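Just so you know, all these numbers are worked out from the coordinates, no wet-lab data involved. Computed from a predicted structure; not experimentally measured. Because the Cβ atoms are built from the backbone with ideal geometry, glycine has one as well, and the counts that use them run over all protein chains shown.
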Amino acid sequence: MASWDPAQYLRFGDERTRPFLDLIGQIPQSTRPITTISDIGCGPGHLTQFLRQRWPSAAITGVDSSPAMIERATREHAGDGVRYALADAASWLPTEATDLIVSNATFQWLPDQFATIERLLAGLSPHGVVAIGVPDNADRPTHRLLDELAAESRFTGRFDNIRPFDPIPPVDYVDFFAPRGFTVNAWSTTYLHILQGENPVYEWIAGTRLRPYLAALADEPQLRDEFIADYRAALRTAFPARDWGTPLPFRRTFVVAVRN
């Protein structure tokens with residue numbers, strides 16, 4: 001598995017935070033207090049503060065499969081009822097019933113996210129809430145150009161173990177949660193991020209989707225440099241810079257499901 005770089009990921013911390021705030025803002029106030037929260041794919045822990053502000057007395061557990069992310073989260077954001085655990089979302093289960101399972105930009109990485117969600121529901125309290133946000137850009141230029149480049153003959157066999165991303169429309173979550181007795185609020189939002197810097201769309205993708213591709217070419221530095229140069233050039237053409245920055249339309253899908 002390609003390693004995560006917290007610093008690279010946080011280069012666009014404000015842009016990556018806004019969808020999380022939009023997600024938790026749709027979690028309804030309940031007569032049953034939320035006392036336990038599981039944050040799946042917590043990353044470097046920079047979003048914990050917003051969970052704490054909304055639910056000041058809740059016990060919060062952040063889970064991530066990246067040692068680098070968990071190390072930074074523990075160092076900078078643990079304490080005050082917050083702890084972090086190094087674990088794979090595909091196999092982790094809470095040790096006690098959880099009132100809120102929340103996840104930002106994690107489930108799209110899983111081979112079968114709905115099988116994982118099904119398993120996690122066993123740890124959800126009787127009137128618990130599941131809140132998930134995922135990028136939904138499999139058909140957008142950032143991903144399409146990457147797929148086209150990776151399919152060129154010079155890269156044959158290098159990326160066979162990288163799973164392609166599929167579109168994740170809101171109705172997929174409605175179809176999953178509604179028959180299981182949940183009240184479902186699902187929607188999509190396209191954010192228009194105005195990024196700064198030299199080829200910032202490349203830097204955005206380098207912190208997330210590009211990671212496994214670069215890891216697959218780690219032992220072939222010349223080919224890796226070619227791959228980076230060609231992808232950077234393609235992105236520069238697809239997302240031309242303006243005097244005031246580079247606009248990046250970025251679509252995300254959200255769901256807030258409340259167990260009845």
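Would you mind calculating the gained length between Q196 and Q26 on full extension (0.36 nm times residue separation, minus the Cα-Cα distance), in nm to one decimal? Spell out each step's value before the answer.
Values: separation 170, 0.36 × 170 = 61.20 nm, distance 2.95 nm.
Contour length minus Cα-Cα distance gives 58.3 nm.
Converting phi to 3J(HN,Hα) with the Karplus coefficients 6.51, -1.76 and 1.60 and the offset θ = phi - 60°, region 190-202 yields 9, 8, 10, 7, 9, 9, 10, x, 7, 6, x, 5, 4 Hz in sequence order, with x at every glycine or proline.
Close amide H contacts of D136 (hydrogens built in the peptide plane, cut-off under 5 Å, sequence separation of 5 or more or a different chain): R251, R252, T253. Beta bridges per DSSP, both residues in the chain: antiparallel share near 55 percent.
How would you rank 34-40, 118-124, highest first, on the average number of other Cβ atoms within 10 Å across their residues?
Values: 34-40: 22.9, 118-124: 15.4.
Highest to lowest by the protection proxy: 34-40, 118-124.
Where in region 149-171 does the amide nitrogen come within less than 14 Å of the point 7 Å from the Cα of F114, taken along Cα to Cβ? The answer is 166-171.
Shape summary: region 6-259 maps onto an equivalent ellipsoid whose semi-axes, from the alpha-carbon gyration tensor, are 33, 19, 19 Å in decreasing order.
Note on the chain: GNM, Cα springs under 10 Å; of W244, W55, W92, the largest mean-square fluctuation is that of W244. Exposure proxy for R75, R83, R52, R252: other Cβ atoms within 10 Å of each Cβ, ordered fewest to most, give R75, R83, R52, R252. Compute the angle between helix 141-150 and the longest alpha-carbon principal axis of the chain, please, reported from 0 to 90 degrees and rounded to the nearest 10. Here the helix axis deviates by roughly 60 degrees.
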